[in-house]
Amino acid sequence: MIRKKVLFLILTLLFFIIPLTVLLLQSISAPWRFHTGQGIDWGWQEYSTLFQNPQLWEATFISIGIGFAVLFINVAIGLFTGKALTPYAYRGKAWLEALLLSPILIPSLAIAMGLHLFMIRVGLADTIWGVMLIHLVPTVPYSIKIFHNSYQQIGKAMMEQPHILGAGFWTQVFTVELPLLRPAIRSVTFLTIVISLSQYAITAIIGGGRVLTLPLVFFPFLNNANTSIMAAFSIWFALIPVFMYIIIEALMMFLPYSRLPWRNHR
Amino acid sequence: MKLFKNRTFLLFLPAGIFLIIPFYGFIHAVIQSLGGEGLAHYEEILNSERFLSSMWFSIRTAGIATIVSIILGLGFTKWFHPLLTKTSPRLMVWIPMLFPHFVWGYMVILILSETGWTAQAFIAAGWLEDTSNFPVWTRDPQGIGIIITYVWKEIPLVILLLLPVYASIHPEYYALVDSLGGNAWHRFTTVDLPNLLPVLVESFLIIFSFTLAAYEVPALIGTTFPEMISVLGYEWFYGSSWEDRPLAFAAMVLTSLFLLVLTLMSYYGLSRPKWRAMRSDRP
């Protein structure tokens, strides 16, 4: 068991912790040129250069806005569908699940290209709304899956009890289901936001380059900017999901039966 | 009971409306790939050397990346799942999931390119004389950079998907195999595999269809020849000549059809009675 632990630590250090640490170090120092024999210049100037770029802030706000909207729709669709899939076993359920999963099996590039003309026709192309819609395609199937699993874990009895006690649909959702679905909401928050932040091609197609999200700023920069600024930018990409996660966590404290940190508890 | 059924139908409504988006998009991609000229565009790309080599390169690269990440992820989960029940080891493993794919690709360039950290560290340590001696692993014609990025990024996903399955396997089954004289291989094939198979197939499909057709990573870390199908399609879509657009649609539709056939085959294979019996599925 101890040997296993040591091996686990070595592997995670080597492949997960060290790269992240080096990225952090790179972001707070000038580009490295070891062979010239220079030392490392530490400093925050990479971040200040990055933040002076007005495009970065605009893109950050747009990305966060899209992220929250996509997350909200994901939670709504995931919750209802997960609830609907759970209680009965019926013929063709496997096929229904496959159908709900299929949007992530069809290349999103094909879908975005196909929707492009339609979006122009209804006036959604080059708008933030069109981008939100297309970002639903690679995220919703995951959310449905996560909520479906959670509902299965909660179990049928837990769902029948409030029904028997006379709770209406929304009372049941807010007082019983949402508090129990907290872990699912956490996973969905992370997944949707990271996936939404990962979309360059479909955002470029539907947004027409006018909707400036973070990948659209990051991508063209890659080949010419200096490594330290890009490292700082990379760290920025990871901070946004963390920031949004904290907000969601704070919002979830308003759910019934939450432990509030400023209250005494046993 | 009838009322109950109606309610369930209402709950499916949001998902049903959502499904219109991808299906409408896909059907229109098919229509525009035909362009009123029948299968002419398909004939054209199927006769084009560039499309065929790109398709082969994509399937090969995505296939290797998927299989390697599933094998390594499975090994990692099997070996370490008791440790992964605690929160902090789990968070360490999931670090790559915090970054978008192309950011992780940039990281691979920083670490493994010819002037990257590893090369510089090796020179500083005196193991390497010059950066030109470092192997070309990024922007290489073999797709090594693409494979490394995807494997690194997808292993945590595989672990995430497999962990609940391993947590739900009762250890009594292993004891049963042991008492019947089975070895470690029997334990894996008779206990783990039937439980894991649906998840493994699903992970394969999710990762393979993503890596086959995603644009960002190959555009960043690949070369111009051979190129992945997504890069070629994107280029045709935004290319200089308007006439290439139907080719872009045809290329992406063919990729989708390939993935759909693969999905149907695996779902059909999974529903075979033999596997259902081994999982003791309730019908």
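Greater than 23 Å separation of Cα atoms is the criterion. Which listed pairs, A:4/A:145; A:93/B:153; A:83/B:78; A:5/B:78, meet it? Beyond 23 Å: A:4/A:145; A:93/B:153; A:83/B:78. With R₀ fixed at 45 Å, the C-beta to C-beta distance from residue A:3 to residue B:176 puts the FRET efficiency at about 0.95.
In chain A, helical runs assigned H by DSSP with n ≥ 4 each contribute -39500 (n - 2.57); averaged across all residues and rounded to the nearest 500, the mean residue ellipticity at 222 nm is -22000 deg cm²/dmol. In angstrom, the C-alpha Rg and Dmax of the protein assembly as shown are 24.5, 79.
Of the residues B:211, B:145, B:135, the one whose Cα sits farthest towards the positive end of the charge dipole of chain B is B:211 (charges of +1 on Lys and Arg Cβ, -1 on Asp and Glu Cβ, taken about the Cα centre). Taking the Cα centre of region B:36-279 as reference, the dipole from Cβ charges on Lys and Arg (+1) and Asp and Glu (-1) amounts to some 1180 debye.
Inter-chain neighbour count for B:251-260: the average number of beta-carbon atoms from partner chains within 10 Å of each residue's beta-carbon is 4. Result for chain A in a Gaussian network model with C-alpha springs under 10 Å: among A:164, A:144, A:66, the largest mean-square fluctuation is at A:164. Over the residues of chain B, the helix contribution to mean residue ellipticity at 222 nm works out to -24000 deg cm²/dmol, using -39500 (n - 2.57) for each DSSP H run of at least 4. Can you give the direction-averaged projected area of the convex hull of the alpha-carbon atoms in region A:148-266, in nm²? Taking a quarter of the hull surface, the average projection is 11.7 nm². Peptide B:22-35 is shielded by partner chain Cβ atoms: per residue, an average of 6 of them sit within 10 Å of its Cβ. Starting from the Kirkwood radius over alpha-carbon pairs of region A:56-252, derive D by Stokes-Einstein at 4 °C in a medium of 1.567 mPa s and give it in µm² s⁻¹. My calculation gives 71 µm²/s for D. With a 10 Å cut-off around each Cβ of B:87-99, the average count of Cβ atoms from other chains is 5. Residues considered: B:68, B:158, B:93. Largest GNM mean-square fluctuation over chain B, using C-alpha springs under 10 Å, is found at B:93. Summing +1 for each Lys or Arg and -1 for each Asp or Glu among the other residues whose beta-carbon sits under 11 angstrom from that of residue A:147 gives +1. For region A:56-252, the dipole from Cβ point charges (+1 on Lys and Arg, -1 on Asp and Glu) about the Cα centre works out to 360 debye, to the nearest 20.
For region A:1-155, what class follows from the C-alpha gyration tensor (a ≥ b ≥ c being the square roots of its eigenvalues): rounded when a/c is under 1.5, otherwise prolate if a/b is larger than b/c, else oblate? Note, shape of region A:1-155 comes out oblate. Computed from the C-beta positions of residue A:173 and residue B:224, the FRET efficiency with R₀ = 56 Å rounds to 0.60. Need one word for region B:1-110: rounded, prolate or oblate. Basis is the Cα gyration tensor (sqrt eigenvalues a ≥ b ≥ c); a/c below 1.5 gives rounded, then a/b vs b/c decides. Oblate is the answer for region B:1-110, as a/c is 1.5 or above yet b/c matches or exceeds a/b. Between residue B:53 and residue B:270, the simple spin-label model (points 7 angstrom out along Cα→Cβ) gives 3.7 nm.
Note on residue B:260 and residue A:18: with the Förster distance fixed at 41 Å, the Cβ-Cβ geometry gives a FRET efficiency of about 0.50. All alpha carbon pair distances within chain B were sorted into 10 Å bins beginning at 0; the resulting P(r) in whole percents reads 6, 20, 26, 25, 16, 6, 1, 0. With each label modelled as a point 7 angstrom along the Cα→C-beta vector, the residue A:41-residue B:11 pair spans 6.1 nm.
Simple spin-label estimate for residue B:23 and residue A:263 gives 4.6 nm between the two label positions (7 Å along the Cα-to-Cβ direction from each Cα). Using a Gaussian network model of chain B in which every pair of alpha carbons under 10 angstrom is joined by a spring, one finds that among B:139, B:187, B:50 the greatest mean-square fluctuation is at B:187. In chain B, taking the dipole from charged Cβ atoms about the Cα centre, the farthest positive-side position among B:126, B:257, B:20 is held by B:20.
Charging the Cβ of each Asp and Glu at -1 and of each Lys and Arg at +1, and nothing else, the dipole of region A:1-159 about its Cα centre rounds to 920 debye. Positive-end ranking of A:80, A:27, A:67 along the dipole of region A:5-128, with charges on Cβ about the Cα centre, is headed by A:80.
Rule-based calculations on the coordinates, nothing more; no lab input. None of these values were measured; they are calculated from a predicted model. Glycine also receives a Cβ, built like all others from the backbone with ideal geometry; neighbour counts cover every protein chain displayed.
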